[in-house]
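The values are calculated or read from the model by the stated rules, or taken from the named source; none is laboratory data. Given the structure is predicted, the values throughout are model-derived calculations rather than measurements. All Cβ positions, glycine included, derive from the backbone under ideal geometry; neighbour counts span all protein chains shown.
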């Protein structure tokens, strides 16, 4: 028997919007949406609503965008919705205990990792970067700690050798909504029980920045392959060539040896660069003020730039 709940949803990016859409398509009532304040975006730096706000506005759902939820006024405003449950997905704000306690059934979160592995801001990318072979969605009850709450259910997916941060993100965004709906049903009818996380197994997924995408050619090619895939489509792995920035959009491990960062060959198959172990064949690159291109296209116009013997990263 299905039980319709009054749900407040909190989320911000596209990953969260896919979960909101599933709730809107369900028997449950989404009575309000919380999302981050509009941010400047694009070349014109125009204030742009989040994907979650855009979807909520299209369905005429009240949208709230507090800077934080610490004030008594913000907490009272939430309490007035008299929600059964709050569903939180990539919201980006810390929820105080008063907020966690406000809905009748508390707050649940859809997190893009197999907890307790990869708590924190960038679980998708850090899993690929670390060479993990599996990822998934964990739906958990929220508590004051960062992604430390009891787990309600997990769904898994393999991490393929070709996966990027973008492809794994999209797969998890497709898996998460059904998992959340299943967890909600279990909470509503009492058929689901929470499992405590083992804190000793926890790892932390630090937030991404451009420094995290900087290539150290001393590392093994296999590790750099994972890093390049993890950092795509953002912030994009990068190095330097002849003092100029070089973004690396795609590569694969290949045979070859030389000084780490040394260009071993340049042909239509790619730019072969020596690493601490083996070599990487760079197949899609981006030069300053240019677009990402297949290396074979770059080679036609920039052959002199990629002469063997040059060293990247100096």
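In segment 143-154, the count of residues that are on the phi < 0 side of the Ramachandran plot and touching a residue at least 60 places away in the same chain (Cβ under 8 Å) is zero.
Screening segment 1-107 for helices (runs of 4 or more DSSP H) wholly inside it with 2 or more residues that are farther than 18 Å from residue 143 by Cβ and in the same structural domain as residue 171 (by TED's automatic domain parsing) returns the ranges 14-24, 51-58, 72-79.
Every residue, every condition in (1) at pLDDT 95 or above; (2) under 20 Å from residue 108 (Cβ atoms), yes or no:
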residue: 44; (1), (2): no, no
residue: 47; (1), (2): no, no
residue: 53; (1), (2): yes, no
residue: 60; (1), (2): yes, no
residue: 67; (1), (2): no, no
residue: 75; (1), (2): yes, yes
residue: 78; (1), (2): yes, yes
residue: 85; (1), (2): yes, yes
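In the set (1) over 30 Å from residue 123 (Cβ atoms); (2) loosely packed, with under 13 Cβ neighbours inside 10 Å, the condition left unmet by residue 234 is number (1). Every condition in (1) at pLDDT below 95; (2) under 27 Å from the mean Cα position of the chain (by Cα) holds for residue 280 except the one numbered (1). Report yes if residue 145 is closer than 25 Å to residue 82 by Cα and in a loop (DSSP other than H, G, I, E, B), otherwise no. Against the criterion (closer than 25 Å to residue 82 by Cα and in a loop (DSSP other than H, G, I, E, B)), residue 145 qualifies. Taking strands (runs of 3 or more DSSP E) as the structural unit, those lying wholly within segment 248-314 and holding at least 3 residues that are farther than 23 Å from residue 230 by Cα, assigned by TED's automatic domain parsing to the domain that holds residue 227 and in contact (Cβ under 8 Å) with a residue 12 or more places away in the chain correspond to 263-267.
Screening residue 217 on (1) in the same structural domain as residue 264 (by TED's automatic domain parsing); (2) under 17 Å from the mean Cα position of the chain (by Cα) shows it passes everything except condition (2).
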